[in-house]
1. Within region 66-106, restricting attention to residues that are of a type in the set (Asp, Glu) and in a loop (DSSP other than H, G, I, E, B), which residue is least open to solvent (accessible area, probe 1.4 Å)?
2. Within region 107-124, track down each residue that is of a type in the set (Phe, Trp, Tyr) and open to solvent by 20 Å² or more (accessible area, probe 1.4 Å).
3. Which ones in region 107-124 are in contact with a helix residue (DSSP H, G or I) (Cβ under 7 Å, 6 or more places away or on another chain) and either part of a strand (DSSP E or B) or over 19 Å from Lys53 (Cβ atoms) (or both)?
4. It is to be established whether one or more residues within region 48-64 are touching a residue at least 60 places away in the same chain (Cβ under 8 Å) and of a type in the set (Lys, Arg).
5. Please identify the pairs in which a residue from region 70-87 that is closer than 13 Å to Val104 by Cα has its Cβ atom under 8 Å from the Cβ atom of a residue that is of a type in the set (Phe, Trp, Tyr) and surrounded by 13 or more Cβ atoms within 10 Å (Cβ to Cβ), counting only partners at least 6 apart or on another chain.
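The values are calculated or read from the model by the stated rules, or taken from the named source; none is laboratory data. Predicted, not measured: the structure shown is a model, and the values here were computed from it. Cβ sites come from the backbone with ideal geometry, for glycine too, and all protein chains shown count toward neighbours. Side chains are part of the model used for accessible areas, which takes the heavy atoms of the whole protein and leaves out ligands, DNA and RNA. Shrake-Rupley method; radii C 1.70, N 1.55, O 1.52, S 1.80 Å.
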Amino acid sequence: REKDDKYKTWMPKFPMAKEDKDQRKISDDVERKIFKVKKSNAEKSKKMEKEEKFFRKTFMYDKEIKVINTATAECSVPSKRRVDLPLTAGEQLDVIDVTEGSAVICRNSEGRYGYVLVEHLNFR
């Protein structure tokens, strides 16, 4: 035993301030929260892919999805059909395509697509 103790390297133990320990715990919590956000982003992108697939099938839309313009909803409008996009006042929408009538195809922040009447939109 004496021989084993003889060859061990001695490292001094410095006392840590209590504040430093608390700061380390806080930084660990922040890192953990970041990972949780990334997980929800993955779930959100999966949901958006599902919505896009449904949109292409329902609307028979085979063109590339490009944002033509952005618009803000002036008033809240519930959807009467599945192809109509429900609106809330002040919501930001991406205009994807223009139709022959007075409606445009839009996408909301959740990734849902649908028809919206031009009368309900405010273009910047």
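1. Glu91
2. Tyr115, Phe123
3. Of everything in region 107-124, just one residue is in contact with a helix residue (DSSP H, G or I) (Cβ under 7 Å, 6 or more places away or on another chain) and either part of a strand (DSSP E or B) or over 19 Å from Lys53 (Cβ atoms) (or both), namely Tyr113.
4. The answer is no, given that none of the residues of region 48-64 is touching a residue at least 60 places away in the same chain (Cβ under 8 Å) and of a type in the set (Lys, Arg).
5. Taking only residues 6 or more apart or on different chains, the pairs are Val83/Phe59; Val83/Tyr115; Asp84/Tyr115; Leu85/Tyr113; Leu85/Tyr115.
Let's see how each residue does on (1) of a type outside the set (Phe, Trp, Tyr); (2) on the phi < 0 side of the Ramachandran plot; (3) at pLDDT 85 or above:
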| residue | (1), (2), (3) |
| --- | --- |
| Ser27 | yes, yes, no |
| Ala42 | yes, yes, no |
| Glu52 | yes, yes, yes |
| Phe59 | no, yes, yes |
| Ser79 | yes, yes, yes |
| Gln92 | yes, yes, yes |
| Thr99 | yes, yes, yes |
| Arg124 | yes, yes, no |
